1. Go through segment 107-127 and give me each residue that's within 21 Å of residue 78 (Cα to Cα), in contact (Cβ under 8 Å) with a residue 24 or more places away in the chain and either in the same structural domain as residue 169 (by TED's automatic domain parsing) or not polar (S, T, N, Q) (or both).
2. Could you check segment 227-270 and list, in sequence order, the residues that are part of a loop (DSSP other than H, G, I, E, B) and on the phi < 0 side of the Ramachandran plot?
3. What is the residue count in segment 160-184 for residues that are closer than 17 Å to residue 245 by Cβ and either without any contact (Cβ under 8 Å) to a residue 12 or more places away in the chain or touching a Pro at 6+ places or on another chain (Cβ under 9 Å) (or both)?
4. Quick check on segment 159-178: of everything there that is surrounded by fewer than 14 Cβ atoms within 10 Å (Cβ to Cβ) and polar (S, T, N, Q), which residue is modelled with the highest pLDDT?
5. One residue is enough: does segment 38-52 have a residue meeting the conditions at pLDDT 95 or above and on the phi > 0 side of the Ramachandran plot?
6. I'm trying to understand the selection: among the residues of segment 231-273, which are free of Cβ contacts under 8 Å to residues at least 24 places away in the same chain and of a type outside the set (Gly, Ala, Ser)?
7. Which of the residues belonging to segment 94-120 are among the β-branched types (Val, Ile, Thr) and surrounded by fewer than 19 Cβ atoms within 10 Å (Cβ to Cβ)?
8. Do we have any residue at all in segment 76-88 that's among the polar types (S, T, N, Q), part of a strand (DSSP E or B) and either crowded, with 19+ Cβ neighbours inside 10 Å or in contact (Cβ under 8 Å) with a residue 12 or more places away in the chain (or both)?
Amino acid sequence: MSAADSSVRRTAGAIVGHSELRVWGLTSEARLQRQLARFRVADDASEAQRLVLLRADWVYDDALVRGLVDAVDDVALTAPDGTVVALAVAATVSDAATALAGHRAPAGARLVTPAQLADGYNDALRKREPPYLMPLVAADLPAIEKRIFAGSYKGVTDLVTLYVWPNPARWVTRVCANTGITPNQVTSASLVLVLAAMALFWTGHYGWGMAAAWVMTFLDTVDGKLARVTLRSSPFGNFFDHSIDLIHPPFWWWAWIVGLTAAGFAFESSALALTVIVAGYVLQRIEEGIFMACFKMDMHVWQRFDSRFRLITARRNPNLLILNASLLLGRPDLGIGVVALWTAACLVIHALRIAQAAFARRHGPLRSWLAAPT
């Protein structure tokens, strides 16, 4: 067990005050308890060396809670107006809860702002944005939920996910949160649609298959956001969702090619197209793994070009756009040919980026353009 793990496990958390308001279907206390549990903070302070105290009438970004848990000295988190809203102190500070209830810091605690406590760069979600800290007020609840939802969204992804899905996904996520639908249930529904789309493509029913495919991609957005805003992420859910995402796209493109015959199209280069698409998909994933192993960052966050190219790179949603356009033109055979060509082009571009990154590293370690300046 590392020293860091040992420190976290000897930290206890407490919630000061009470709020009747619910945020994304959760009471404030339940939300804060889940946040503390995510960072392995215990609720029993009897053997704790550190205490993290949060007010129930405030909403905290995960990054701020992590910063409090990781603090080694006594710190008091302050709102923009200077009000003390959270504490991380030694367990021997017996008046900490009383001080926080009065928006005060115990003697000797260092006052920190959100920007001082947490870096705005989120590597997991590939984005940089200031951590949020918001008073939990009934009149502001829609804006609070909107900000939390925005914070759950990846900053570097494809253009459909980034520009088309956010508003409808927020509405559906709210319905799911308020009705008790779990992220894994949403993922299960998306798996059913994966199979339905594949069967429809295989039999040449491209219109219905495309509808099933787009709904699946939408639910693929919803399940992750639902897990994050309700703090219900789990190792199994993460594995379940990402396994489906990783495996199904090549099977869709294979089914599309098979369905051309049933739809009355002759595609002489079908075997070549399928080889290029499947091999290109696998090799691009390998390229991403090589980049991560060699340069310790996601390929798509190195430079601004990489993040912008991720919008259209040959992944599921951009490929679906190509196929959707070809279907509207009545030429699904041409669409799959374009997907094969685009896959090959992206494979070459990513290989060039690896070579360029290797050359750039000769002048010093690589740094994401999203990371804070040194």
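1. Taking segment 107-127 as the starting set, the residues that turn out to be within 21 Å of residue 78 (Cα to Cα) are 107-121.
When the remaining residues are screened for being in contact (Cβ under 8 Å) with a residue 24 or more places away in the chain, the result is 108-114, 117-121.
Result: 108, 109, 110, 111, 112, 114, 117, 118, 119, 120, 121.
2. We begin by selecting, within segment 227-270, every residue part of a loop (DSSP other than H, G, I, E, B); these are 230-234, 263-269.
Result: 230, 232, 233, 234, 263, 265, 266, 267, 268, 269.
3. From segment 160-184, those closer than 17 Å to residue 245 by Cβ are 160-162, 165, 169, 183-184; that's our starting set.
Of the ones still in play, those that are also either without any contact (Cβ under 8 Å) to a residue 12 or more places away in the chain or touching a Pro at 6+ places or on another chain (Cβ under 9 Å) (or both) are 160.
Residues in segment 160-184 being closer than 17 Å to residue 245 by Cβ and either without any contact (Cβ under 8 Å) to a residue 12 or more places away in the chain or touching a Pro at 6+ places or on another chain (Cβ under 9 Å) (or both): 1 in total.
4. Filtering segment 159-178 for residues surrounded by fewer than 14 Cβ atoms within 10 Å (Cβ to Cβ) gives 163, 167-168, 171, 175, 178.
Right, trim to polar (S, T, N, Q) and you get 167, 178.
On the way: 167: 96, 178: 93.
Per the stated criteria, the residue is 167.
5. Within segment 38-52, not a single residue is at pLDDT 95 or above and on the phi > 0 side of the Ramachandran plot.
6. Within segment 231-273, 235, 238, 239, 242, 247, 268 meet the criteria.
7. Within segment 94-120, the first condition is being among the β-branched types (Val, Ile, Thr), and the residues that meet it are 98, 112-113.
98, 113, listed by residue number.
8. Filtering segment 76-88 down to residues among the polar types (S, T, N, Q) leaves 78, 83.
Within this subset, residues satisfying the condition of being part of a strand (DSSP E or B) are 78.
Add one more test, that the residue is either crowded, with 19+ Cβ neighbours inside 10 Å or in contact (Cβ under 8 Å) with a residue 12 or more places away in the chain (or both), and what stays is 78.
Scanning segment 76-88, I find at least one residue that is among the polar types (S, T, N, Q), part of a strand (DSSP E or B) and either crowded, with 19+ Cβ neighbours inside 10 Å or in contact (Cβ under 8 Å) with a residue 12 or more places away in the chain (or both), so the answer is yes.
The values are calculated or read from the model by the stated rules, or taken from the named source; none is laboratory data. Worth saying up front: this structure is predicted, and the values here are computed from it rather than measured. All Cβ positions, glycine included, derive from the backbone under ideal geometry; neighbour counts span all protein chains shown.
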